[in-house]
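One structure is given here, and the rest of the page talks about it.
The values are calculated or read from the model by the stated rules, or taken from the named source; none is laboratory data. This structure is a prediction, so every number in the text was calculated from the model and none was measured. Here the Cβ positions follow ideal geometry from the backbone for every residue, glycine too, while neighbour counts run over all protein chains shown.
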Amino acid sequence: MPPRHLADLSAEELRAAVTELGEKPFRARQLAHHYFARLNTDAEAMTDLPASSRDKLVGQLMPPLLTPVRYTDTDGGTTRKTLWRAHDGTLLESVLMRYPDRATVCISSQAGCGMACPFCATGQGGLKRNLSTAEIVEQVRAAAAAMRDGDMPGGPGRLSNVVFMGMGEPLANYKRVLNAVHRICDPQPNGFGLSQRSVTVSTVGVVPAIRRMTAEGLQVTLAVSLHTPDDELRDTLVPVNNRWKVAEVLEAARGYADQTGRRVSIEYALIRDVNDQPWRADLLGKLLHEHLGQFAHVNLIPLNPTPGSKWDASPKPVQREFVRRVRAAGVPCTVRDTRGQEIAAACGQLAAEG
Ligand code: SAH
């Protein structure tokens, strides 16, 4: 794990850490304000702190965690992937996407992933390690700073959404991800102050962790990567299905929807001749209608090709028929506009190759 960073700490923990360093407790608030409100990590710019305290506090509580190795962009610069190197050489990626009405950063919660879904590039390399809370939060800070500074075409703007859809299974790194959600959403100066509703946590379906998250009383959006309604195929597409079956995953999702009153996003990568048959669309619609009623929204993602995979996306007419059938069951369904294919930045393509 990386060195301790203020973004790992709650407000109380930060105060305690600052005091332990021999500084006045109110310095904690000043320091947090620099990081979460001003998005600043440069000690020189912290002129409200006496020079001696500044170097000590920044040195001890804001060590540099992620160094950008490479930026790659597409869509006229409005989609930008960053390859980061952590203190121990670990590589990870995040993707910032600017739309006319919002800006979303897709962040990683782990370096690599242990879930081994065969159609996902990240899954092929296995899990390297969990990211710390601050390593997760730093990806958000960098994106928020890039938006504020006008680094994306369209002039200065604001980061509005965060999706845990980069590398890794967020619910397999539960505590750190939960802490990161607090740092992202808690009001300034102890967090960036984004609304929980604009944060999405996407999971393969780790049922006990979905239940645990339900009990937290959060309002973040839950996305479940279902990819097929039948256990037989899901056992191979999403191997964790061997532990928790489709019905259990949907029941856990229902529990989350009941608790939050919010729709759960059902992710479904459409893979040609694998999971795109009309009967699967019908079964998906029926199951979601039964388990989630109005609390489901299906997001179809035409498969993004990954190196060495024999699979490709379903043709347009097949996509349209799939949408029609799911909707006919009374379940809202849309095809997601996937960005960043040309730069291996789209869903499932993050491999963090140096
Ligand atoms: N582990 C979490 C977070 C990753 S999110 C999860 O699985 O939900 C990334 C999303 O992209 C998931 O829905 C994942 O199933 C999907 N995905 C993975 N590989 C893909 C590919 N090649 N094409 C399209 N979507 C893919």
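Please verify whether segment 284-293 includes one or more residues that are of a type in the set (K, R), at pLDDT 95 or above and away from the ligand (no atom under 14 Å from the Cβ). Please lay out each step first, then the result.
Of the residues in segment 284-293, the ones of a type in the set (K, R) are 286.
Next, only the ones that are at pLDDT 95 or above stay: 286.
Filter once more, keeping what is away from the ligand (no atom under 14 Å from the Cβ): 286.
Yes; the residues of segment 284-293 include at least one that is of a type in the set (K, R), at pLDDT 95 or above and away from the ligand (no atom under 14 Å from the Cβ).
When you go through V246, V264 one by one, which is the residue that is touching a Gly at 6+ places or on another chain (Cβ under 9 Å) and within 16 Å of the ligand (Cβ to nearest atom)? Give the derivation first.
Working: V264 fails: touching a Gly at 6+ places or on another chain (Cβ under 9 Å).
V246 is the lone residue from the list that is touching a Gly at 6+ places or on another chain (Cβ under 9 Å) and within 16 Å of the ligand (Cβ to nearest atom).
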**OP:** Inspect segment 196-205 for any residue being in contact (Cβ under 8 Å) with a residue 40 or more places away in the chain, within 16 Å of the ligand (Cβ to nearest atom), among the small types (G, A, S) and out of contact with any Asp or Glu (no Cβ under 7 Å at 6 or more places or on another chain) and give the result as yes or no.
**Re:** yes
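Output the number of residues of segment 255-307 satisfying the condition of being aromatic (F, W, Y) and under 19 Å from the mean Cα position of the chain (by Cα).
Of all residues in segment 255-307, those aromatic (F, W, Y) come to 256, 268, 279, 295.
Now restrict to residues that are under 19 Å from the mean Cα position of the chain (by Cα): 256, 268.
Matching residues across segment 255-307 total 2.
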Subject >> Flag if Q259 is polar (S, T, N, Q), in contact with a helix residue (DSSP H, G or I) (Cβ under 6 Å, 6 or more places away or on another chain) and in a helix (DSSP H, G or I) >> reply: yes
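A45 - would you say it is of a type in the set (A, V, I, L, M, F, W, C) and in contact with a Leu (Cβ under 6 Å, 6 or more places away or on another chain)?
Values: of a type in the set (A, V, I, L, M, F, W, C): yes; in contact with a Leu (Cβ under 6 Å, 6 or more places away or on another chain): no.
Considered against the rule, which asks whether it is of a type in the set (A, V, I, L, M, F, W, C) and in contact with a Leu (Cβ under 6 Å, 6 or more places away or on another chain), A45 comes out as no.
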**OP:** Collect the residues in segment 311-338 that are touching a strand residue (DSSP E or B) at 6+ places or on another chain (Cβ under 8 Å), over 22 Å from L292 (Cα atoms) and more than 12 Å from the ligand (Cβ to nearest atom), keeping them in residue-number order.
**Re:** V318, Q319
Subject >> Any pair with Cβ under 8 angstrom, 6 or more apart, that starts in segment 305-317 at a residue that is at positive phi and ends at one that is more than 8 Å from the ligand (Cβ to nearest atom) >> reply: G308/Q124
**OP:** Filter segment 219-241 down to the residues that are under 19 Å from E251 (Cβ atoms) and under 15 Å from the mean Cα position of the chain (by Cα), then identify the one that is farthest from the ligand (Cβ to nearest atom).
**Re:** T221
**OP:** Considering each of L171, L222, L194 in turn, give the residue that is under 25 Å from V298 (Cα atoms) and part of a strand (DSSP E or B).
**Re:** L222
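Kindly state which strands (runs of 3 or more DSSP E) lie completely within segment 33-142 and contain at least 3 residues that are over 22 Å from G155 (Cα atoms) and within 21 Å of the chain's Cα centre (by Cα). It would help to see each step written out before you state the result.
On the way: elements: 66-74, 79-86, 91-98, 103-106, 110-112, 127-130.
Output list reads 66-74, 79-86, 91-98, 110-112, 127-130.
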